[in-house]
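J.: Below is one structure. I have some questions about it.
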Amino acid sequence: MKILILNGPNLNMLGQREPEIYGTQTLGDIETLCRETASIHHADIDFRQSNHEGELVTWIQEALGHVDGIIINAGAYTHTSVALHDALKLHACPIIEVHLSDPETREEFRHLSYISPLAQEVIKGIGAAGYPQAIEIIVKTS
Ligand code: CA2
C-alpha cells in the first residue's frame, strides 16, 4: 500500500513559531510519526512539502494510478486553491484532509475549504496526531 502525504505552504516552519496554535513538533517530527505508523501497517509513504501551489498540483497528478490514498494538509491553499481541488478530483482513491488547528474556530477566511468536498474525512484540531490517524483510516478503508 502506498500513501502520498502532502503538506502545503509554511508547514516547513512548524516548531519555530506559533506553538500555541500549531504545537511544538517540527514537520520532520511529523514525518517520523507517519513513518512509524506506516511501518506498523506495512504501508509505504511518500511525505512531501511545498510552498508552491503548482508543485503540489504536479505531485497530485504524478500520483495518479500510483497511490492507494492521499493525506493532505494544504495549509493556506486549503482556503484558496481551486487548482488543488481540480487535481485531487482526478483521483478515485481515499483523500483525507488534515489540519493541526481547527480552522473553523479561527478567522472567517479559514472557514472555507476547497479540499473538504473531496475528502472522505477531515481531521482537525488534534495537532500532529491527526496524521497517524489519517494513515489508519486509509489502511482500514483500502
Ligand atoms: O491548522 C493547519 O494545519 C493549517 O492547515 C495550517 C495553515 C493555515 O493556513 C490553515 O488555515 C490551517 C498554516 C500553516 C503555517 O504554519 C506555520 C507554522 C509555524 C510558523 C508559521 C506558520
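Since every read-out is calculated from the coordinates, none of them should be taken as a lab result. Not measured: the values here are computed from a predicted model. We place every Cβ from the backbone using ideal geometry, glycine too, and count neighbours over all the protein chains shown.
J.: For segment 1-18, which residues satisfy the criterion of being of a type in the set (A, V, I, L, M), more than 14 Å from the chain's Cα centre (by Cα) and not in a loop (DSSP other than H, G, I, E, B)?
T.: The one that is of a type in the set (A, V, I, L, M), more than 14 Å from the chain's Cα centre (by Cα) and not in a loop (DSSP other than H, G, I, E, B): 13.
J.: Sticking with this structure for a sec: Read through the list (1) more than 24 Å from residue 20 (Cβ to Cβ); (2) touching a Cys at 6+ places or on another chain (Cβ under 8 Å); (3) of a type in the set (Phe, Trp, Tyr), then give the number of the only condition that residue 131 fails.
T.: Of the numbered conditions (1) more than 24 Å from residue 20 (Cβ to Cβ); (2) touching a Cys at 6+ places or on another chain (Cβ under 8 Å); (3) of a type in the set (Phe, Trp, Tyr), the odd one out for residue 131 is (1).
J.: In the list 115, 126, 135, which residue meets the criterion of being within 11 Å of the ligand (Cβ to nearest atom), more than 14 Å from residue 7 (Cα to Cα) and within 14 Å of the chain's Cα centre (by Cα)?
T.: One residue alone meets the criteria, 126.
J.: If you don't mind, another one. Take the residues in segment 69-84 that are within 15 Å of the ligand (Cβ to nearest atom) and over 8 Å from the mean Cα position of the chain (by Cα); name whichever of them is nearest to residue 122 (Cα to Cα).
T.: 78
Results for (1) within 16 Å of residue 129 (Cα to Cα); (2) hydrophobic (A, V, I, L, M, F, W, C), shown as yes or no for each residue.
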{"position": "6", "(1), (2)": "yes, yes"}
{"position": "18", "(1), (2)": "no, no"}
{"position": "32", "(1), (2)": "yes, no"}
{"position": "48", "(1), (2)": "no, no"}
{"position": "65", "(1), (2)": "no, no"}
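J.: For residues that are of a type in the set (A, V, I, L, M, F, W, C) and crowded, with 22+ Cβ neighbours inside 10 Å, tally how many sit in segment 68-86.
T.: The qualifying residues number 5.
J.: Let me ask something additional. For segment 2-24, which positions are out of contact with any strand residue (DSSP E or B) (no Cβ under 7 Å at 6 or more places or on another chain), of a type outside the set (Lys, Arg) and surrounded by fewer than 18 Cβ atoms within 10 Å (Cβ to Cβ)?
T.: Of everything in segment 2-24, those that are out of contact with any strand residue (DSSP E or B) (no Cβ under 7 Å at 6 or more places or on another chain), of a type outside the set (Lys, Arg) and surrounded by fewer than 18 Cβ atoms within 10 Å (Cβ to Cβ) turn out to be 9, 10, 13, 15, 16, 18, 19, 20, 21, 24.
J.: Further question on the same structure: Any idea which residue in segment 87-105 is nearest to the chain's Cα centre (by Cα), counting only those that are part of a helix (DSSP H, G or I) and surrounded by fewer than 14 Cβ atoms within 10 Å (Cβ to Cβ)?
T.: 89
J.: Go through the residues of segment 41-49 one by one and say whether even a single one is without any contact (Cβ under 8 Å) to a residue 60 or more places away in the chain, within 16 Å of the ligand (Cβ to nearest atom) and closer than 16 Å to residue 138 by Cα.
T.: The answer is yes; a qualifying residue exists.
J.: Right, next: What residue, of 20, 104, 55, 62, is under 20 Å from residue 121 (Cα atoms), of a type in the set (Asp, Glu) and more than 9 Å from the ligand (Cβ to nearest atom)?
T.: When all the criteria are applied, what remains is 104.
J.: Can you name every residue in segment 116-142 that is out of contact with any Leu (no Cβ under 7 Å at 6 or more places or on another chain) and of a type in the set (A, V, I, L, M, F, W, C)?
T.: 119, 122, 123, 126, 129, 134, 135, 137, 138, 139
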